[in-house]
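The values are calculated or read from the model by the stated rules, or taken from the named source; none is laboratory data. If you're wondering where the values come from, they're calculated on a predicted model, not measured in any experiment. Don't worry about glycine lacking a Cβ; one is built from the backbone with ideal geometry, like all the others, and counts go over all protein chains shown. Just the protein is used for accessible areas: all its heavy atoms, side chains included, with ligands, DNA and RNA removed. Shrake-Rupley method; radii C 1.70, N 1.55, O 1.52, S 1.80 Å.
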Amino acid sequence: MRAAELFVQCLENEGVEYIFGIPGEENLDVMDALLLAKVRFITTRHEQGAAFMADVYGRLTGRAGVCLATLGPGATNLVTGFADADMDRAPIVAIAGQGATTRMHKESHQVLDLVNLFEPISKYSVQVREPGIIPEIVRKAFKDAQTEKPGGSFIALPENIASESVEGKAPLKVQHPLLPLAREEKIEQAAGLIDGARYPLVMAGNGVIRSGASDALVRFAEKLNVPVATTFMAKGVMPFSHELSLGTVGLQAKDYVACGFDRADVVLCVGYDMVEYHPQLWHPDREKRIVHLDMSPAEVDEHYIVAAGVIGEIGSSLERIAARATRHETYYAGSLRQTIVEEIRAYVEDDGFPVRPQRILSDLRKVLEPEDIVISDVGAHKMWVARMYEAERPNTCIISNGFASMGIGVPGAIAAKLVKPDATVVTVTGDAGFMMNSQEIETALRLGTAIVILIWNDSKYGLIRWHQLRRFGRESHIDFSNPDFVKYAESFGAKGYRVDAAGDLAPILRKAIADDTVVVIDCPVDYEENMKLTEKMGSLVCPV
Ligand SMILES: Cc1ncc(C[n+]2csc(CCOP(=O)(O)OP(=O)(O)O)c2C)c(N)n1
Ligand SMILES: [Mg+2]
């Protein structure tokens, strides 16, 4: 057997369904071996698109998404999407070809030290040095990528090794380690802290989704009568419609939900990751007691000194603490919740044009079912999605908030549609982020993955303008012009619509969903709302 065939067998053994990527000269053997495999290769138009697809696949399934590129420029093109997965704690395995081991010690065409390139953005970065170790390398790559906290593994496969023959080797048994349960004394300690709190607050992060503990979290909150805020990457773990939900935290500036943190004396951080929302922002005075409930110990931070660390399987920890702690009969966050809801619903009927962010998100919510998926790109629009999109289920609002890279929206939507073919998938994207990976529209059409791409058109790097106005009161180098997005979509064979009035948006969205193909919607957005929000938050009086 060729080493490349053994490699592909190992991928099949891991249950890999898709490999996203672009073939090259240095992985001819792997590409050829794939012809005999059940794994489906999805040819993309940029390696970055492939990496983002693997990223979102991993995030939605908990199983490593796989991307592949050739050596040198192919591998460097993977870097951004791969780093995004690694920092968003999505399991990903990247495979790159490499020059032959006989030419790696000297200057050589397209050869870069890929293992070192991926080292700081991965949990495991390795080169195959001989065929016999392939089963161990592939197993370890997947195990590391998928184990808490999930992240990236990188494998370089030199061309001469891929074509060598290998005997007597087979894929290793796939085993998923069960997480240990938290220690009893820690459960007691956490329950005691919650009992002693006057204003307890839960902040839920993406770890809750990864551990499938959303229902346990809702039961916990209901039993103890405590409010729950979620980070961007945990939207939906507590349905927004739930009376105990305070929506989403993480806007760097002050927001209503931050009032809940001001008031809280005990914050229970569940599956929370400070890569999303720095403790200094919600805990500047360091006066609160923090319960850290997660699968791994807390990161060290002077604003995150833990009063109790409950390390172990999250769902079980929540259930056991809820069983011991006493219900808080008085509820302090009712008026705060009411203000947050009113804030979200304030512009539902607003007819202003360009369309206000609030109206766009309320229309989007109206046309989608609870299990449909919204994926956001990165920019001012992301802040509005995080703040205002009412997510009702985990993993139905995908936001990159660890690495927070522009360009995830279009390829991410393709992966989401592959994972959830029955859900409507809508990308909310800025005009700049859209253009970073719009070439993948062709991939989507070729695959037949119907996605709706809702572009918030301001002809600017809107988020950067927002920051500039806030800091300096003037703009610097944030303007550009756009192609005609409708014609652009049509030139691929996709559909395109332009929104000319606020009232058109919902009907266009409904039509786009019914079209059941790739649809681009060009929606002019009123980003004067950005600074209005900043001003409003500057003079915010907490309703709690
Ligand atoms: C790859 C990458 N480059 C740059 C940035 C910094 N950045 C964050 S948001 C933003 C502007 C995004 O513009 P656009 O996509 O039009 O969205 P808008 O802010 O206008 O909604 C930039 C440049 C980033 N996060 N990722
Ligand atoms: Mg823009």
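Only the Cβ atoms of Lys and Arg (+1) and of Asp and Glu (-1) were treated as charged; on that basis the dipole of the chain about its Cα centre amounts to roughly 680 debye. The Cβ shell under 11 Å around residue 506 holds other residues with a net charge of +3, Lys and Arg each +1, Asp and Glu each -1. Per-residue extension of 0.36 nm, minus the Cα-Cα distance of residue 195 and residue 531, leaves a gain of 116.9 nm for this segment. For the stretch 188-240, the equivalent ellipsoid derived from the alpha-carbon gyration tensor has semi-axes of 20, 11, 10 Å in decreasing order. Between 111, 218, 373, the Cα set farthest toward the positive side of the dipole of the chain (charges on each charged residue's Cβ, about the Cα centre) is that of 218. Dipole check for the stretch 231-313: with +1 at the C-beta of Lys and Arg, -1 at the C-beta of Asp and Glu, and the Cα centre as origin, the magnitude is about 180 Debye.
For the stretch 6-45, a/c is not less than 1.5, where a ≥ b ≥ c are the root eigenvalues of the C-alpha gyration tensor, and a/b does not top b/c. That puts it in the oblate class.
Sorted by accessible area with a 1.4 angstrom probe, largest first, how do 278, 381 fall? Could the numbers behind the result be given before it?
Details: 278 70, 381 5 Å².
Highest to lowest solvent-accessible surface, that is 278, 381.
What length, rounded to one decimal in nm, is gained on full extension from residue 106 through to residue 540, with 0.36 nm per residue of separation minus their alpha-carbon distance?
150.1 nm
Go ahead and run the numbers for FRET between residue 278 and residue 165, Cβ-Cβ distance against an R0 of 60 Å, rounding to 0.05.
Numbers: r = 52 Å, r/R0 = 0.87.
Calculated transfer efficiency: 0.70.
Calculated on the alpha-carbon coordinates, the convex hull of the stretch 264-393 measures out at 168 cubic angstrom per residue.
By a 1.4 Å probe calculation restricted to protein chains, residue 451 has an accessible surface near 0 Å², given to the nearest 10. In the stretch 404-480, Rg over Rh equals 1.10, where Rg is the alpha-carbon radius of gyration and Rh the Kirkwood radius from pairwise Cα distances.
For the stretch 42-195, averaging the sequence separation of C-alpha pairs within contact (under 8 Å, six or more residues apart) and dividing by the residue count gives a relative contact order of 22 percent. Each principal axis of the Cα cloud of the stretch 69-221 was evaluated for its coordinate range; sorted largest first, these ranges are 67, 35, 23 Å.
The orientation-averaged shadow of the Cα convex hull for the stretch 53-117, equal to a quarter of the hull surface, comes to 4.3 nm². Which Cys in the chain stand alone, with every other cysteine's Cβ at 4.7 Å or more from theirs? Cysteines of the chain left without a disulfide-compatible partner: 10, 67, 269, 397, 523. Around the amide H of residue 496, modelled in the peptide plane, lie the amide H atoms of 520, all under 5 Å away and 5 or more residues distant in sequence or on another chain.
Using Cα pairs closer than 8 Å and at least 6 residues apart in sequence, work out the relative contact order for the stretch 175-297, in percent. Don't skip to the end; give the middle numbers.
Numbers: 187 pairs, mean separation 35.6, N = 123.
It rounds to 29 percent for the stretch 175-297.
The slack between residue 188 and residue 323, meaning 0.36 nm per residue of separation minus the straight C-alpha distance, is 47.6 nm.
For the stretch 285-362, a Kirkwood radius taken over Cα pairs fed into Stokes-Einstein (37 °C, viscosity 0.692 mPa s) yields D = 197 µm²/s. For the stretch 217-298, the solvent-accessible area of protein heavy atoms averages 29 Å² per residue (probe radius 1.4 Å; ligands and nucleic acids excluded).
Checking every one of the trypsin sites (Lys or Arg not before Pro) in the stretch 1-51 against DSSP loop status and a limit of 14 other Cβ atoms within 10 Å picks out 38. Between the residues 13, 146, 333, the greatest Cα displacement towards the positive end of the dipole of the chain, with unit charges on the Cβ of Lys, Arg, Asp and Glu, is found for 333.
The charge dipole of the stretch 174-273, taken about the Cα centre with unit charges on the Cβ atoms of Lys, Arg (+1) and Asp, Glu (-1), comes to about 180 debye, rounded to the nearest 20.
List the DSSP H helices in the chain whose Cα atoms stretch 20 Å or more along the helix axis and whose mean Kyte-Doolittle hydropathy is at least 0.0. Walk me through the numbers before you get to the answer.
Details: long enough: 47-61 (21 Å, 0.02); 72-87 (23 Å, 0.21).
Answer set is 47-61, 72-87.
Size descriptors for the chain, from the alpha-carbon set: Rg then Dmax equal 24.0, 72 Å.
Counting Lys and Arg as +1 and Asp and Glu as -1, what is the net charge of the other residues whose Cβ lies under 9 Å from the Cβ of residue 157?
Values: positive: none; negative: 26, 29, 159.
That works out to -3.
Contact order, relative form, for the chain: 13 percent (alpha carbon pairs under 8 Å, 6 or more residues apart, mean separation divided by residue count).
Whats the longest run of the chain with zero chymotrypsin sites (Phe, Trp or Tyr not before Pro) that are DSSP loop and have at most 15 other Cβ atoms within 10 Å?
Free of exposed loop sites, the longest segment is 1-330.
Using the reciprocal of the averaged 1/r over all distinct C-alpha pairs, how large is the Kirkwood radius of the stretch 423-529 in Å?
Working: mean 1/r = 0.0685 Å⁻¹.
When all Cα pairs of the stretch 423-529 are included, the Kirkwood radius is 14.6 Å.
Would you please classify the overall shape of the stretch 1-130 from the alpha carbon gyration tensor, given that a ≥ b ≥ c denote the square roots of the eigenvalues, rounded means a/c under 1.5, and beyond that prolate means a/b larger than b/c while oblate covers the rest? Write out the running numbers ahead of the final one.
Details: a/c = 1.65, a/b = 1.15, b/c = 1.43.
Oblate shape, in that a/c is at least 1.5 and b/c is the bigger or equal ratio.
Structure note, pairs 140/382; 106/169; 149/186: Cα-Cα distances above 25 angstrom occur for 140/382; 106/169. Around the amide H of residue 437, modelled in the peptide plane, lies no amide H under 5 Å away from a residue 5 or more places distant or on another chain.
Label positions at residue 439 and residue 492, each projected 7 Å from the Cα along the C-beta direction, are separated by 1.2 nm.
Amide H contacts of residue 20: 42, 66, 67, 68, each under 5 Å away and 5 or more positions distant or on a separate chain (H built 1.01 Å from N in the peptide plane; Pro and chain starts excluded). Straight-line cross-link reach from residue 143 at under 18 Å between alpha-carbon atoms covers these lysines, not counting any fewer than eight positions away in the same chain: 123, 173.
Which trypsin sites (Lys or Arg not before Pro) does the stretch 446-491 hold that lie in a coil by DSSP with at most 16 other beta carbons within 10 Å?
Working: sites: 446, 460, 465, 470, 471, 474, 487; in loops: 474.
Passing both the DSSP loop test and the Cβ count: 474.
Projecting the Cα atoms of 94, 131, 295 onto the charge dipole of the chain, computed from C-beta unit charges around the Cα centre, puts 295 farthest toward the positive end.
Please list, by residue number, every one of the GluC sites (Glu not before Pro) in the stretch 302-373 that is coil in DSSP and has at most 14 other beta-carbon atoms within 10 Å.
Working: sites: 302, 313, 319, 329, 342, 343, 349, 371; in loops: 302, 313, 329, 349, 371.
Those that pass, being in a loop and sparsely packed, are 302, 329, 349, 371.
Share of the stretch 249-346's accessible area from carbon and sulfur, percent, 1.4 Å? If you can, show how the numbers build up before the last one.
Details: 1950 of 4000 Å².
Answer for the stretch 249-346: carbon and sulfur cover 49 percent of the accessible area.
Taking Lys and Arg as +1 and Asp and Glu as -1, the other residues whose beta-carbon sits under 14 Å from that of residue 185 total +2.
What figure in square angstrom, to the nearest 10, would you give for the accessible area of residue 396 with a 1.4 Å probe? Its heavy atoms expose roughly 10 Å² to the probe.
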